[in-house]
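**Student:** Pasting in a structure now, in structure tokens, and then I'll have a few things to ask.
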Amino acid sequence: MTGIASRTAAFAILLLAVALSGSQAQDRFFRQHRPGQFDFYVLSLSWSPSFCKDSEDRGREAGEQCGGRPYSFVVHGLWPQYERGFPRDCQVPAPRLNRNIMVSMLDLMPAPRLVYHEWDQHGTCSGLSAQDYFDLVRKARAAVTIPEAYAAPRSTLTVSPDEVEEAFVKANPGLSRTGIAVTCGSTRLGEVRICMTKDLRFRDCAEIDRRACSRDRLVMPPIRGG
């Protein structure tokens, strides 16, 4: 191949790469914040005793879940995700959430404000009706087995993020270490985030995994009440 032909071929390849890149960017633009236009879900399970301790430390009102009931992992949300980033507030104003649906979710998401917030910010991006979305939240939670050691600890646990991830992987066949992330806001375990397909099968998620907690050790306060 002559020098001119070689440069011409290289330029053609460059133009093709730019065109493909532009097409992908355009696709992401048109999908952004559109109901039903996303790649997978993240089921976020919050360690309720840490939330309550954090609220106390900051002098904030802790809310319903920090009373006498022994909450352990509670559902923070089921979040539509892109491979990079995530949609939010896909309908503004959001369709009004029926109060009966909110009440029906309080066993998993023990705060009315949380249920309303999750519908407005994340549920509206699912492309589902409110009833179907919260039915899916319940199914997602039922698909995850909490490791026995973390089901209802009565004393403070000190763990590493790796230990928690490994325990969840062992308790949930099909879940991999690259499909789960442990988060922390301080020295306490915050959440366990599990990636799922739209039909609630476990899947890997590199971006979520990269945002995992990097601390060596974390505290899990015991459950409250009884």
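**Student:** Of the conditions (1) of a type in the set (Gly, Ala, Ser); (2) touching a Gly at 6+ places or on another chain (Cβ under 8 Å); (3) modelled with pLDDT under 95, ALA62 satisfies every one except a single condition; which number is it?
**Tutor:** The failed condition is (2).
**Student:** Being among the acidic types (Asp, Glu) and more than 15 Å from LEU106 (Cβ to Cβ) is the filter here; which residues of segment 51-72 pass it?
**Tutor:** Once the filter is applied, which keeps residues that are among the acidic types (Asp, Glu) and more than 15 Å from LEU106 (Cβ to Cβ), segment 51-72 yields ASP54, GLU56, ASP57, GLU61.
**Student:** Also, I was wondering about something else. Residues being within 12 Å of ALA212 (Cα to Cα), touching a residue at least 60 places away in the same chain (Cβ under 8 Å) and among the small types (Gly, Ala, Ser): count how many of those fall in segment 135-193.
**Tutor:** Residues meeting the conditions: 2.
**Student:** Test GLU191 against the stated conditions and say whether it is touching a His at 6+ places or on another chain (Cβ under 8 Å) and under 16 Å from SER44 (Cα atoms).
**Tutor:** Answer is yes for this residue.
**Student:** Got at least one residue in segment 115-131 being among the charged types (D, E, K, R), closer than 23 Å to ASP216 by Cβ and either within 19 Å of the chain's Cα centre (by Cα) or surrounded by fewer than 19 Cβ atoms within 10 Å (Cβ to Cβ) (or both)?
**Tutor:** no
**Student:** Please indicate, with yes or no, whether at least one residue in segment 209-218 is closer than 19 Å to TRP79 by Cα, in a helix (DSSP H, G or I) and touching a Ser or Thr at 6+ places or on another chain (Cβ under 9 Å).
**Tutor:** yes
**Student:** Closer than 30 Å to VAL164 by Cα and either modelled with pLDDT of 75 or more or in a helix (DSSP H, G or I) (or both): which single residue out of SER21, SER46 fits that description?
**Tutor:** SER46
**Student:** Continuing with this model, one more query. Within segment 48-81, which residues are in contact (Cβ under 8 Å) with a residue 40 or more places away in the chain, in contact with a helix residue (DSSP H, G or I) (Cβ under 7 Å, 6 or more places away or on another chain) and hydroxyl-bearing (Ser, Thr, Tyr)?
**Tutor:** Within segment 48-81, SER48, TYR71, SER72 qualify.
The values are calculated or read from the model by the stated rules, or taken from the named source; none is laboratory data. Computed from a predicted structure; not experimentally measured. Methodologically, a virtual Cβ is constructed for each residue, glycine included, from the backbone with ideal geometry; neighbour enumeration extends over all protein chains shown.
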